[in-house]
Amino acid sequence: MKILAFETTCDETSAAVMTGQALRSNVVFSQIKLHRKYSGVVPELASRAHLEKIPFVLSGALGAAGIKLPLKQGAVDAVAFSRGPGLPGALLVGRVAAETAAELSGAPLIGVNHLEGHLLACEFENGRAVRRLEFPLAALIVSGGHTEIWHARGYGDYKVMGRTRDDAAGEAFDKVAKLLGLPYPGGPEVEKWARRAEGHGPVFPRPFMAGTWDFSFSGLKTAVSYYLAKKTGASTHDLPAAEKALVCRAFQDAAVETLVKKTADAARALGLKRIAVGGGVSSNGALRGAFGALEGFEVRFSHRSFCSDNAAMIALCALRRLEAGKFANSLRVAPDLARPGWKTKG
Ligand SMILES: Nc1ncnc2c1ncn2[C@@H]1O[C@H](COP(=O)(O)OP(=O)(O)OP(=O)(O)O)[C@@H](O)[C@H]1O
Ligand SMILES: [Mg+2]
């Protein structure tokens, strides 16, 4: 079973090939440099960059898997793509590439939910999808655009228990970094600066919100912004390095504690002993440490190289669906092939 997959939901252009459980290739072009000067992703620039780079990631992924271009009938057994959620223009590029590859190879086309990809990325180990998730489990999807807790009952069987009502956790990391004059993407920068913090610093409120599994991170970001305004007046760029580090640590502590406590509480309420964490923010060392310290749970993370967007995780979602004998040949049945605001059922 050979699967070719595309990922173009946001600012990574990626193609991957899996043969059975083996990941044969996973080529990712990151657009970070392009968007850095705007301190965030510019959708139109992202779409154009996907269009420019998709031929290269495709030929790279196929070449590494020993598949020749142009694609011939039967060259692959299925073509998968991230159908949503994501930026409309960016999704369109992946969808058209996938439709074309499916048409040329005569293979079925499988539209995958990108967030499921972030969850299943936990299964890769040494280039093979062999660390199968054991269900049921509580999943925390924590990325640049989403922060959701799922009750995952099996492959493709997810119920959303809570989601952010405003900013995603990754977005909050990015915005706090921007307030501090740190480059985009802010998550890794905040983590790096937090590690340098020494001594006492500010403590920011934990936005737990009792009585719901939903999250809210915009108040925490505002608390950081008020703190900085009080401390520095107009320009935070003059903040001494030691102070910057303390603010990063204080913000990260508040975000991590909220994410871990809410997920653990939800898992306990559902009687679940297993937790899996996926998405860009899941590469954060403090988050991994805090989940690791939880007693009574088996917690899974993906390898750091699979936390951010990649097509390998999309190929894997398609593989699990094919193994279960479940997939729709959406090329022929669905008029709305791209789903920018795709929401997992609550
Ligand atoms: N070490 C880190 N600590 C905290 N946040 C991080 C870290 N590394 C990356 N991030 C954050 O992860 C986000 C990117 O993750 P990802 O690529 O999964 O998001 P996305 O694809 O843009 O959004 P979505 O998956 O919701 O569509 C950014 O907000 C980035 O700052
Ligand atoms: Mg993502």
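Filter the range 99-119 for residues that are surrounded by fewer than 24 Cβ atoms within 10 Å (Cβ to Cβ) and charged (D, E, K, R); which is nearest to ligand 2 (Cβ to nearest atom)?
Out of the qualifying residues, it is Glu99.
Out of all the residues in the range 265-273, is one or more outside any helix (DSSP H, G or I), in contact with a strand residue (DSSP E or B) (Cβ under 7 Å, 6 or more places away or on another chain) and surrounded by fewer than 16 Cβ atoms within 10 Å (Cβ to Cβ)?
Yes, because at least one residue in the range 265-273 is outside any helix (DSSP H, G or I), in contact with a strand residue (DSSP E or B) (Cβ under 7 Å, 6 or more places away or on another chain) and surrounded by fewer than 16 Cβ atoms within 10 Å (Cβ to Cβ).
For every residue, the table says whether it meets (1) surrounded by fewer than 20 Cβ atoms within 10 Å (Cβ to Cβ); (2) at pLDDT below 95; (3) within 19 Å of the chain's Cα centre (by Cα).
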site	(1), (2), (3)
Ala5	no, no, yes
Thr8	no, no, yes
Ala16	no, no, yes
Thr19	yes, no, no
Ala22	yes, no, no
Gly40	yes, yes, yes
Ala49	no, no, no
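Given the residues Gly162, Gly145, Gly156, which is the only one that is assigned by TED's automatic domain parsing to the domain that holds Arg268, touching a residue at least 40 places away in the same chain (Cβ under 8 Å) and under 30 Å from Ala65 (Cα atoms)?
Matching residue, one of Gly162, Gly145, Gly156: Gly156.
Among the residues of the range 98-143, what is the count of those that are more than 16 Å from ligand 1 (Cβ to nearest atom), under 17 Å from Asp309 (Cα atoms) and in contact with a helix residue (DSSP H, G or I) (Cβ under 8 Å, 6 or more places away or on another chain)?
2
Tell me the residue from Lys230, Lys221, Lys192 that is among the basic types (Lys, Arg), surrounded by 20 or more Cβ atoms within 10 Å (Cβ to Cβ) and in the same structural domain as Gly285 (by TED's automatic domain parsing), please.
That would be Lys221, the only listed residue that is among the basic types (Lys, Arg), surrounded by 20 or more Cβ atoms within 10 Å (Cβ to Cβ) and in the same structural domain as Gly285 (by TED's automatic domain parsing).
Output the number of the condition that Ser282 fails; it satisfies all remaining conditions of (1) in the same structural domain as Thr164 (by TED's automatic domain parsing); (2) away from ligand 2 (no atom under 16 Å from the Cβ); (3) modelled with pLDDT of 95 or more.
Against the list (1) in the same structural domain as Thr164 (by TED's automatic domain parsing); (2) away from ligand 2 (no atom under 16 Å from the Cβ); (3) modelled with pLDDT of 95 or more, Ser282 comes up short only on (2).
Of the residues Ala197, Ala210, which is in the same structural domain as Ile149 (by TED's automatic domain parsing), aliphatic (A, V, I, L, M), at pLDDT below 95 and part of a loop (DSSP other than H, G, I, E, B)?
Ala210
List the residue pairs whose Cβ atoms are under 8 Å apart, where the first residue sits in the range 279-296 and is assigned to a loop (DSSP other than H, G, I, E, B), the second is away from ligand 2 (no atom under 16 Å from the Cβ) and of a type in the set (D, E, K, R), and the two are 6 or more positions apart or on different chains.
Here the result reads Asn284/Glu191; Gly296/Lys273, each pair linking the range 279-296 to a residue that is away from ligand 2 (no atom under 16 Å from the Cβ) and of a type in the set (D, E, K, R).
Among Leu69, Leu91, which is the only one that is surrounded by fewer than 23 Cβ atoms within 10 Å (Cβ to Cβ) and either in a loop (DSSP other than H, G, I, E, B) or out of contact with any Asp or Glu (no Cβ under 8 Å at 6 or more places or on another chain) (or both)?
Leu69
Restrict the check to the range 120-140 and report whether at least one residue is within 23 Å of Lys261 (Cα to Cα), assigned to a strand (DSSP E or B) and within 16 Å of ligand 2 (Cβ to nearest atom).
yes
Determine which member of the set Gly187, Gly211, Gly199 is away from ligand 2 (no atom under 16 Å from the Cβ), of a type outside the set (Val, Ile, Thr) and more than 22 Å from Ala266 (Cβ to Cβ).
Gly199
The values are calculated or read from the model by the stated rules, or taken from the named source; none is laboratory data. A quick note: this is a predicted structure, and the numbers were derived from the prediction, not measured. Positions of Cβ are generated from backbone atoms using ideal geometry, with glycine treated the same way; all protein chains shown enter the neighbour counts.
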